[in-house]
Amino acid sequence: MTGWVVIAGLGPGRETLVTPEVRDALAEATDVVGYIPYVARIAPREGLVLHASDNRVELDRSRHALEMAAEGKRVVVVSSGDPGVFAMAAAVFEALEAGPEAWRALEIRVLPGITAMLAAAAAAGAPLGHDFCAINLSDNLKPWALIEKRLRLAAEADFAMAFYNPRSKSRPEGFARTLEILTETCRDARPVLFARAVSTPEQTLRIVPLPDCTPDMADMRTMVIVGNSATRVIDTPRGPILYTPRSA
């Protein structure tokens, strides 16, 4: 087959954080597939067809990309951040596994990007400097009971934690419950980073002790990073630096 699929990460927002490898793939593409706001980041050009779709149709989007590649098209499936972190790479491979045997002969590549977790951590200092985990707080694709279990176990293990999709208008109660679980389990005033619109002109960083956190501090554009019991804040004239010692 002459067609191919590239699953690419566009980074957290700033165009300078898109890797040269991803730019090269987009320059070769005949078709770009992705969630509406991510496809909107791709500049139109002659010979390129943009296929934007809703965020709840990941498998349909993946099948469409594989079908076009099987027809000989060069398809880039775009995600924000890194495509392998709560994004499209897993969806494409799920569609591949369930699809026609012929799809398995396609060239499929995953090109990494800078995910919001790493961009937020870098903007604040180094809160993920020791062992950490990432948890998606959306219960669209998994039951809330499983999220609660993972939250408790991660807190008991004293991981630093990065939370994706913390709070939306349709599920405002999830992040409130998350804060309750962390307060009950951690029983301290470890720092929590609320990093909104990271790497864009609207970026804001806020470091708050865990007992003072409230649900309204987060929305879907916010990356929340909870330190472990050893995470520290250094006050400087240019603002606070948040870091977790490697010896923690």
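The values are calculated or read from the model by the stated rules, or taken from the named source; none is laboratory data. Computed from a prediction, not measured in an experiment: that's the story for all the values here. Reconstructed Cβ throughout: ideal geometry from the backbone, glycine too, with neighbour counts over all protein chains shown. In case anyone asks, the SASA skips ligands and DNA or RNA and just uses the protein heavy atoms, side chains included. Shrake-Rupley method; radii C 1.70, N 1.55, O 1.52, S 1.80 Å.
Here are some conditions: (1) touching a Gly at 6+ places or on another chain (Cβ under 6 Å); (2) of a type in the set (A, V, I, L, M, F, W, C); (3) without any contact (Cβ under 8 Å) to a residue 24 or more places away in the chain. V49 meets all but one. Which one does it not meet?
(1)
Anything in region 219-235 that is assigned to a strand (DSSP E or B) and farther than 19 Å from L153 by Cβ? List them, or say none.
T222, M223, R232, V233, I234 - these are the residues of region 219-235 that are assigned to a strand (DSSP E or B) and farther than 19 Å from L153 by Cβ.
Would a scan of region 25-37 turn up a residue that is surrounded by 19 or more Cβ atoms within 10 Å (Cβ to Cβ), modelled with pLDDT of 95 or more and more than 15 Å from P83 (Cβ to Cβ)?
yes
Taking into account only those residues within region 211-232 that are crowded, with 17+ Cβ neighbours inside 10 Å and of a type in the set (A, V, I, L, M, F, W, C), which is nearest to A197 (Cα to Cα)?
That would be M223.
Residue-by-condition table, conditions (1) surrounded by fewer than 23 Cβ atoms within 10 Å (Cβ to Cβ); (2) among the charged types (D, E, K, R); (3) within 18 Å of E28 (Cβ to Cβ):
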site: G72; (1), (2), (3): yes, no, yes
site: D82; (1), (2), (3): no, yes, no
site: M88; (1), (2), (3): no, no, no
site: A95; (1), (2), (3): yes, no, no
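Among the residues of region 137-156, which ones are touching a residue at least 24 places away in the same chain (Cβ under 8 Å) and under 16 Å from G227 (Cβ atoms)?
Passing the criteria: L151, A155, E156.
Being closer than 19 Å to L118 by Cα, in contact (Cβ under 8 Å) with a residue 24 or more places away in the chain and polar (S, T, N, Q) is the filter here; which residues of region 10-41 pass it?
Matches in region 10-41: T19 only.
One line per residue, one yes/no per condition, for (1) in a loop (DSSP other than H, G, I, E, B); (2) under 24 Å from I135 (Cβ atoms); (3) aliphatic (A, V, I, L, M):
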position: V75; (1), (2), (3): no, no, yes
position: V78; (1), (2), (3): no, yes, yes
position: A89; (1), (2), (3): no, yes, yes
position: W103; (1), (2), (3): no, no, no
position: I108; (1), (2), (3): no, no, yes
position: A120; (1), (2), (3): no, yes, yes
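For region 122-153, give me the residue count where each residue is assigned to a helix (DSSP H, G or I), open to solvent by less than 60 Å² (accessible area, probe 1.4 Å) and among the small types (G, A, S).
Adding up the residues that qualify gives 2.
For the subset of region 175-193 comprising residues that are touching a Pro at 6+ places or on another chain (Cβ under 9 Å) and buried (at least 20 other Cβ atoms within 10 Å of the Cβ), which member is nearest to L153 (Cα to Cα)?
Out of the qualifying residues, it is T178.
Could you give me the residue pairs with C-beta distances under 6 Å whose first residue belongs to region 187-210 and is free of Cβ contacts under 8 Å to residues at least 60 places away in the same chain, whose second residue is in a helix (DSSP H, G or I) and surrounded by fewer than 20 Cβ atoms within 10 Å (Cβ to Cβ) wherever it lies, and which are 6+ apart or on separate chains?
Pairs that qualify, where the first residue is free of Cβ contacts under 8 Å to residues at least 60 places away in the same chain and the partner is in a helix (DSSP H, G or I) and surrounded by fewer than 20 Cβ atoms within 10 Å (Cβ to Cβ), are A189/L210; A189/P211; R190/L210; V192/L210; F194/M217.
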